[in-house]
Amino acid sequence: MTQSLPQHYREILVGLGEDPEREGLLDTPKRAAKAMQYLCHGYAQTLDDIVNGALFASASDEMVIVKDIELYSLCEHHLLPFIGKAHVAYIPTGKVLGLSKIARIVDMFARRLQIQENLTRQIADAIQDVTKAAGVAVVIEAQHMCMMMRGVEKQNSTMNTSVMLGAFRESTTTRMEFLQLIGRSK
Ligand SMILES: [Zn+2]
């Protein structure tokens with residue numbers, strides 16, 4: 001952790017009109033800094049580290065789908081959480097990715113300051129890069145604390161974003177199959 005992060009949190013407390021010397025807040029700057037560092041640990045990770053060779057030869061060209069991946073991120077506009085699920089699919093062309101790796105790729109990008117649209121795109125591009133798939137689809141549905149706790153205070157609105165690459169973009173049938181499998185088709 002950079003030395004100054006707890007110091008900055010202390011100044012935030014002062015800025016809010018709090019007394020950073022009162023008992024309940026004594027360790028808060030240190031704790032908050034540590035928590036924030038954890039929530040942003042995706043900056044310290046790279047795609048190579050995460051994939052770490054877990055690409056396996058496969059003759060399958062059937063859609064691989066991982067749905068309901070828990071997602072915790074922070075919006076870059078307010079530093080407030082957005083929380084939801086990611087659904088990821090790809091169509092392999094000779095190589096498949098170890099199953100847990102997809103969730104870890106989602107996590108690496110989610111654990112940075114984000115907007116949901118960019119997060120969705122970064123996950124799709126990374127999976128495309130790594131697998132050279134014939135197509136990649138990513139759907140994220142998330143609730144944003146910056147909408148729920150402040151601003152318009154809309155408690156029940158979920159934001160949906162999707163990125164479709166290759167076959168998922170070109171073929172309505174493939175896209176519909178994916179949306180059906182994640183329970184999002186109408
Ligand atoms: Zn926000």
Practice task
Answer yes or no: is there a residue in the range 70-80 that is away from the ligand (no atom under 16 Å from the Cβ), closer than 30 Å to Ala134 by Cα, modelled with pLDDT of 95 or more and part of a helix (DSSP H, G or I).
Solution key: no
Completion exercise
Leu25 meets each of (1) in the same structural domain as Asp107 (by TED's automatic domain parsing); (2) free of Cβ contacts under 8 Å to residues at least 60 places away in the same chain; (3) of a type in the set (A, V, I, L, M, F, W, C) with one exception, condition (1)
Practice task
Return yes or no: is Val139 surrounded by 19 or more Cβ atoms within 10 Å (Cβ to Cβ), in a strand (DSSP E or B) and touching a strand residue (DSSP E or B) at 6+ places or on another chain (Cβ under 7 Å)?
Solution key: yes
Practice task
Evaluate the range 83-94: report whether one residue or more is without any contact (Cβ under 8 Å) to a residue 12 or more places away in the chain and of a type in the set (A, V, I, L, M).
Solution key: no
Practice task
Mind listing just one residue for me: the one in the range 145-157 that is exposed (fewer than 14 other Cβ atoms within 10 Å of the Cβ) and of a type outside the set (Gly, Ala, Ser) and, of those, farthest from the ligand (Cβ to nearest atom)?
Solution key: Asn156
Handout entry: The listed residue being within 16 Å of the ligand (Cβ to nearest atom), under 30 Å from Ser58 (Cα atoms), within 13 Å of the chain's Cα centre (by Cα) and in contact (Cβ under 8 Å) with a residue 60 or more places away in the chain, out of Ala110, Ala142
Key = Ala110
Practice task
May I ask you to verify whether Val130 is among the β-branched types (Val, Ile, Thr), out of contact with any Cys (no Cβ under 7 Å at 6 or more places or on another chain), closer than 15 Å to Gly166 by Cα and assigned to a helix (DSSP H, G or I)?
Solution key: yes
Exercise for the section: Taking Tyr43 as the residue in question, decide whether it is more than 16 Å from the ligand (Cβ to nearest atom), farther than 26 Å from Gln155 by Cβ and either at pLDDT below 95 or in a helix (DSSP H, G or I) (or both). Expected result: yes
Completion exercise
Residue set Ala137, Ala133, Ala124; condition away from the ligand (no atom under 16 Å from the Cβ) and more than 11 Å from Val88 (Cα to Cα); output residue Ala133
Problem - Lone qualifier among Ser60, Ser100 - being more than 15 Å from the ligand (Cβ to nearest atom), over 19 Å from Asp49 (Cβ atoms) and in the same structural domain as Arg169 (by TED's automatic domain parsing) - result: Ser60
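The values are calculated or read from the model by the stated rules, or taken from the named source; none is laboratory data. Treat the numbers as computed from the prediction; the structure is a model and nothing was measured. Every residue, glycine among them, receives a Cβ derived from its backbone with ideal geometry; neighbour counts consider all protein chains shown.
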